[in-house]
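Novice: Dropping the structure in here first, questions after.
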Amino acid sequence: MDTSLLSPKSQCHRVHVTLGIRSYSIIIGPKAMEEVVFADHISGRRLMVVTNEIVERLYFENIAQNLKEFQVDKVVLPDGEKIKTLDGLNVILSALLEGGHDRTTTVVALGGGVIGDIAGFAAAVYQRGIDFLQIPTTLLAQVDSAVGGKTGVNHALGKNMIGAFHQPSIVIADTMTLKTLPKREFAAGLSEVIKYGLIGDRCFFDWIEKNLDGLLAHDSNLLTYAIRVSCQIKASIVSKDETEQGQRAILNFGHTFGHAIETFLQYRDWVHGEAIAVGMLMAMKLSVLQGGISETDFDRLKVMLKRCGLPTSPPILMTAQDFNLIMMRDKKVIDGQLRLVILQTLGLATVSTEYGDSNLQKVLSVHCTAQ
Ligand code: NAD
Ligand code: GLY
């Protein structure tokens, strides 16, 4: 691994996202925020830090210490998904305009996936696009949302319906920030880590299973390794298919079922990673019925999710009909045919329309207790 940006004593690692002139590094490890020399990645003198009220209290001072040579402004948004709207976006754009920021300003996204998505989108559209960097502070953001350049906001008629691909100039995943993350949010991030094993590397899946207790206990070396491998798998997929014309869709393993759960619950009560955990189990069952996966591997996944404290069945009142109705409105429906990500084998995913409706209905009837 190329660690040229880091001191020899560093416990941090670097993953490269290869995208021609839009290539960048992901720096992962304890105290990454303090180690990175920001001036090496920022060309202008002015920064706009976008964060929320919770993360600002916890971590703004840490990065401010490392940004003394810049003129730093900040926007502190309220916490939660509800701010990820055009109105929330407007708060950031207004702060940029009122502060007289020009195209040399860099936006710094400090927070979880909500902040990364909205701040990245602000950078994508402000004066037709300015630089931004990601400092993800949730496990989900460190392994998924901060990497790959998907930015955007929600619309009343759909989640993530307005956005742009806009790659950051660097991602700094400081694993120390995960110490303050609520347990439920940490488990939600772990479900995405498990996803990478399922879709991209069966040895990694075995490794997670073996080291799950250590990961749940926040062992720093194990966490850094898990984030590094997750980012390597995502980086390799994104490098081949930046704008999701094909293969990138496998990153959505379990997400069609999971999004149906989130929609059913109107984005209340469950966090994203919890819905994805159940969605992955359902997609795994479909893969069993298609012949790619054994019942034993399905059971292994179920046990791992339970050990993380994640749910393993849909909300009690959700019926197979609810799934059918909601899933047919999914972005992945083309010409009336729903495309689903299934596993050909453990560690190898594919986007398929060939699963057969009877198998899909069987999955729904097995998992839904309500009729
Ligand atoms: P989030 O940003 O809402 O963060 C979860 C909670 O943790 C929030 O209350 C936040 O304030 C708090 N928090 C963040 N860091 C903390 C820390 N270090 N210590 C204590 N509390 C902390 O949620 P998330 O799960 O990070 O991200 C979900 C969002 O990411 C959704 O909007 C989803 O659509 C988006 N997403 C985007 C992509 C992408 O590719 N762009 C991929 C997956 C998800
Ligand atoms: N989170 C899915 C993607 O980045 O494509």
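Bear in mind these aren't lab numbers, they're just calculated from the coordinates by the rules spelled out. Only a predicted model underlies this, so the values are computations on that prediction, with no experimental measurement involved. Cβ sites come from the backbone with ideal geometry, for glycine too, and all protein chains shown count toward neighbours.
Novice: Bin width 5 Å, origin at 0, all Cα-Cα pairs of segment 195-278: what percent of pairs per bin?
Specialist: 3, 14, 18, 19, 20, 16, 9, 1
Novice: What is the distance in Å between the Cα centroid of segment 69-133 and that of segment 284-304?
Specialist: 42
Novice: Using all C-alpha to C-alpha distances in segment 139-265, build P(r) with 5 Å bins and read off the rounded percent in each one.
Specialist: 2, 9, 19, 23, 21, 15, 9, 2, 0
Novice: Efficiency by 1/(1 + (r/R0)^6): what FRET value for Lys210 and Lys362, r their Cβ-Cβ distance, R0 = 30 Å, to the nearest 0.05? Mind dumping the intermediate values first?
Specialist: Details: r = 32 Å, r/R0 = 1.05.
Efficiency, rounded to the nearest 0.05: 0.45.
Novice: Another one. Apply the Kirkwood formula to the chain: the hydrodynamic radius equals the inverse of the mean of 1/r over all pairs of different alpha-carbon atoms; give it in Å with one decimal. Mind showing how you got there, number by number?
Specialist: Details: mean 1/r = 0.0477 Å⁻¹.
Result for the chain stands at 21.0 Å.
Novice: For the pair Lys179 and Cys203, how long in nm is the line joining their label points, each one 7 Å along Cα→Cβ?
Specialist: A separation of 3.2 nm, rounded to one decimal place.
Novice: What's the angle, to the nearest 10 degrees (0 to 90), between helix 183-200's Cα axis and the longest principal axis of the chain?
Specialist: So the inclination is approximately 70 degrees.
Novice: Taking the Cα centre of segment 190-264 as origin, sum charge times position over the Cβ atoms of Lys and Arg (+1) and Asp and Glu (-1), and report the length of that vector in debye to the nearest 20. Don't skip to the end; give the middle numbers.
Specialist: Details: 7 positive and 10 negative charges, 32 e Å.
It works out to roughly 160 debye.
Novice: What is the angle, in °, between the Cα long axis of helix 295-307 and the longest principal axis of the Cα atoms in the chain? Nearest 10 is fine, range 0 to 90.
Specialist: That helix lies at roughly 50 degrees to the long axis.
Novice: Note down the magnitude of the dipole of segment 36-189 about its Cα centre, charges +1 on Lys and Arg C-beta and -1 on Asp and Glu C-beta and zero elsewhere, to the nearest 20 debye. Intermediate values should be presented prior to the final figure.
Specialist: Values: 14 positive and 16 negative charges, 39 e Å.
So the magnitude is around 180 debye.
Novice: Let me ask you something else. Going by how many other beta carbons lie within 10 Å of each one, how would you line up Lys159, Lys240, fewest first? Please report the intermediate quantities before stating the final value.
Specialist: Numbers: Lys159 16, Lys240 12.
Neighbour counts put them in this order, fewest first: Lys240, Lys159.
Novice: Which one of Asn211, Ile293, Gly113 is farthest out on the positive end of the charge dipole of the chain, using unit charges on Cβ (Lys, Arg +1; Asp, Glu -1) and the Cα centre as origin?
Specialist: My answer, from the dipole projection, is Ile293.
Novice: Report relative contact order for the chain in percent, whole number only (criteria: Cα-Cα under 8 Å, sequence separation at least 6). Mind showing how you got there, number by number?
Specialist: Details: 684 pairs, mean separation 54.1, N = 371.
Once normalised by length, the contact order is 15 percent.
Novice: Can I ask one more? With unit charges on the beta carbon (Lys/Arg positive, Asp/Glu negative), name the residue among Leu198, His166, Phe186 whose Cα is farthest towards the positive pole of the charge dipole of segment 157-211.
Specialist: Farthest towards the positive pole: Phe186.
Novice: Something else about it: Provide Val50, Val17 in ascending order of the number of other Cβ atoms located within 10 Å of each residue's Cβ, fewest first.
Specialist: If I rank by nearby Cβ atoms, fewest first, I get Val17, Val50.
Novice: Still on this model: For segment 116-133, just list the computed ³J(HN,Hα) in residue order, Karplus coefficients 6.51, -1.76 and 1.60, θ = phi - 60°, integers in Hz, with x standing in for Gly and Pro.
Specialist: Running phi through 6.51 cos²θ - 1.76 cosθ + 1.60 with θ = phi - 60° gives x, 5, 6, 5, x, 5, 4, 5, 5, 9, 5, 6, 6, x, 10, 5, 8, 10 Hz.
Novice: Okay, next question. Compute the acute angle (0 to 90°) between the alpha-carbon long axis of helix 357-367 and the principal axis of greatest extent of the alpha-carbon atoms of the chain; round to the nearest 10°.
Specialist: Orientation of helix 357-367: about 80 degrees from the principal axis.
Novice: Please state the shape class of segment 233-338: rounded when a/c is under 1.5, otherwise prolate if a/b exceeds b/c and oblate if not, all from the C-alpha gyration tensor.
Specialist: On the way: a/c = 1.44, a/b = 1.13, b/c = 1.28.
Note, shape of segment 233-338 comes out rounded.
Novice: At 222 nm, what helix-only mean residue ellipticity would the chain give, in deg cm²/dmol to the nearest 500, using -39500 (n - 2.57) for each DSSP H run of four or more? Please report the intermediate quantities before stating the final value.
Specialist: Values: 12 runs with 157 residues, N = 371.
Result for the chain: -13500 deg cm²/dmol, rounded to the nearest 500.
Novice: Taking Cα pairs under 8 Å and at least six residues apart, what relative contact order does segment 294-371 come out at, in percent?
Specialist: Details: 55 pairs, mean separation 27.1, N = 78.
Dividing the mean separation by the residue count of segment 294-371 yields 35 percent.
Novice: Let me ask something additional. Treating the beta-carbon of each Lys and Arg as +1 and of each Asp and Glu as -1, no other charges, what is the dipole magnitude of the chain about its Cα centre, to the nearest 20 debye? Please report the intermediate quantities before stating the final value.
Specialist: On the way: 36 positive and 39 negative charges, 35 e Å.
That gives the chain a dipole magnitude of about 180 debye.
Novice: Considering the Cα trace of segment 150-199, what is its radius of gyration and what is Dmax, both in angstroms?
Specialist: Final numbers for Rg and Dmax: 14.5, 37 Å.
Novice: Follow-up question, since we're still on this one. Determine the alpha carbon to alpha carbon distance for each of Lys210/Lys240; Lys82/Lys306; Lys150/Lys302; Lys306/Lys362; Lys159/Lys183; Lys195/Lys332 and list only those over 27 Å. Don't skip to the answer; put the middle values down first.
Specialist: Numbers: Lys210/Lys240 30 Å; Lys82/Lys306 29 Å; Lys150/Lys302 29 Å; Lys306/Lys362 23 Å; Lys159/Lys183 25 Å; Lys195/Lys332 19 Å.
Pairs exceeding the cut-off: Lys210/Lys240; Lys82/Lys306; Lys150/Lys302.
Novice: If you average 1/r across every pair of different Cα atoms in segment 49-143 and take the reciprocal, what Kirkwood value do you get, in Å?
Specialist: On the way: mean 1/r = 0.0756 Å⁻¹.
Roughly 13.2 Å, rounded to one decimal.
Novice: Then there's this: Can you pull out the GluC sites (Glu not before Pro) in segment 24-82 that DSSP calls coil and that have at most 13 other Cβ atoms within 10 Å?
Specialist: On the way: sites: Glu34, Glu35, Glu53, Glu56, Glu61, Glu69, Glu81; in loops: Glu69.
Taking segment 24-82 and a limit of 13 other Cβ atoms within 10 Å, the loop GluC sites (Glu not before Pro) found are Glu69.
Novice: I need to check one value: relative contact order of segment 182-263, counting alpha carbon pairs closer than 8 Å and at least 6 residues apart, in percent.
Specialist: Details: 38 pairs, mean separation 21.6, N = 82.
The normalised contact order for segment 182-263 reaches 26 percent.
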